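Student: Sending over a structure as structure tokens; questions will come in a sec.
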Amino acid sequence: MVDVYKQPKPYILSKNGWGAEPANGCSGSNNPEYIIIHHTGDANDELANYFGDDEEGFMKRIQEIHMNDNGWCDIGYNYAVGVNGLLMEGRNPNVTGAHAYGYNSKSIGVVVLGNYDIRDFTVKQENKLVDLLAWLCYKYAIDYNTHIIGHRDVANKSCPGDNIYSRLSTIKDKVRDRFDIV
């Protein structure tokens, strides 16, 4: 029997593809029930401005900050959407993440690179995010209506930025449409 709800895995650049450092001692298990959307949110969007079209370099810099400055075992997020829509692999989703206190062992963290309180969230980025979310909802049996949330829903932060958060309902509708049978 054909699984009519199956969502294809979108192209995701591997950690090797963006030049990641190997994880260093990540542990704990993850039982994903939620997908939490983030943005890097750096002051004045400095990293996005500095890296421009170099999405891999931007991702590498986030990993450096997380590992070297924060002392984490790897980048905190499981997946990323670059400023031009490139999907990239982050921390192994089978281990505990480092992106949303209280939810790290029961969620997938997806970051959109840039500060979306001041940067526009493009249609291309939104479409790639929807591709990723639909696949993750299918893969982990996550309820796309209630369990795709913004970081601000579980923390006192502006994350994932107003320009993404204001479209979260539309994004979830687009994910839901992927599961509707015509």
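Student: For region 71-177, place one equal point scatterer on every Cα, skip the solvent, and apply the Debye formula. What is log10 of I(q)/I(0) at q = 0.10, 0.13, 0.17, 0.21 Å⁻¹?
Tutor: Ignoring solvent entirely, the Cα scatterers give -0.25, -0.44, -0.78, -1.27.
Student: Further question on the same structure: If you roll a 1.4 Å probe over the heavy atoms of the protein chains, what accessible area per residue do you get for the chain, in Å²?
Tutor: About 49 Å² of surface per residue is accessible.
Student: What is the Cα centroid distance between region 1-47 and region 66-81, reported in whole angstrom?
Tutor: 11 Å
Student: Put a dot 7 Å past each Cα toward the Cβ at Ile118 and Glu21; how far apart are the dots in nm?
Tutor: If labels sit at Glu21 and Ile118, their model points lie 2.7 nm apart.
Student: What list of whole percents do you get for P(r) of region 1-71, with Cα-Cα distances grouped in 5 Å bins up to the one holding the largest distance?
Tutor: Computed distribution, short to long bins: 3, 10, 15, 20, 22, 13, 8, 5, 3, 1, 0.
Student: Just to be sure I understand: of the beta bridges DSSP finds with both ends in region 1-151, what percent are antiparallel, rounded to 5?
Tutor: Of those bridges, close to 25 percent are antiparallel.
Student: Based on alpha-carbon atoms only, what is the radius of gyration of the chain relative to the globular estimate 2.2 N^0.38 Å?
Tutor: With N residues counted in the chain, Rg over 2.2 N^0.38 Å equals 0.97.
Student: Where does the charge balance sit around Asp177 when Lys and Arg score +1, Asp and Glu -1, over other residues with C-beta under 14 Å from its C-beta?
Tutor: 0
Student: Determine the alpha carbon to alpha carbon distance for each of Lys60/Lys106; Lys9/Lys174; Lys6/Lys124 and list only those over 20 Å.
Tutor: Exceeds cut-off: Lys60/Lys106; Lys6/Lys124.
Student: Here's something else I'd like to know. Quick one: length gained pulling Ser29 to Tyr101 fully straight, 0.36 nm per residue minus the C-alpha distance?
Tutor: That pair, Ser29 and Tyr101, stretches by 24.4 nm at full extension.
Student: How high is the relative contact order of region 32-182, in percent, with contacts defined as C-alpha pairs under 8 Å that are six or more residues apart? Don't jump to the answer; show the numbers that get you there.
Tutor: Numbers: 265 pairs, mean separation 48.3, N = 151.
For region 32-182, the relative contact order is 32 percent.
Student: Modelling each spin label as a point 7 Å along the Cα-to-Cβ direction, I'd like the Lys6/Asn84 distance in nm, to one decimal.
Tutor: 3.2 nm
Student: What does the charge dipole of region 1-126 about its Cα centre add up to, to the nearest 20 debye, if the Cβ of each Lys and Arg holds +1 and the Cβ of each Asp and Glu holds -1? Don't skip to the end; give the middle numbers.
Tutor: On the way: 9 positive and 17 negative charges, 103 e Å.
It comes to approximately 500 debye.
Student: Follow-up question, since we're still on this one. Using a 7 Å offset from the Cα along the Cα-to-Cβ direction at both Asp180 and Tyr50, what is the distance between the two label points in nm, to one decimal?
Tutor: 4.4 nm
Student: While we're looking at this one, here's another question. Just the ratio, please: alpha-carbon radius of gyration of region 52-127 over 2.2 N^0.38 Å, N its number of residues.
Tutor: Region 52-127 yields a ratio of 1.10.
The values are calculated or read from the model by the stated rules, or taken from the named source; none is laboratory data. Predicted, not measured: the structure shown is a model, and the values here were computed from it. Don't worry about glycine lacking a Cβ; one is built from the backbone with ideal geometry, like all the others, and counts go over all protein chains shown. What goes into the accessible areas is simple: the full protein's heavy atoms, side chains included, and nothing from ligands, DNA or RNA. Shrake-Rupley method; radii C 1.70, N 1.55, O 1.52, S 1.80 Å.
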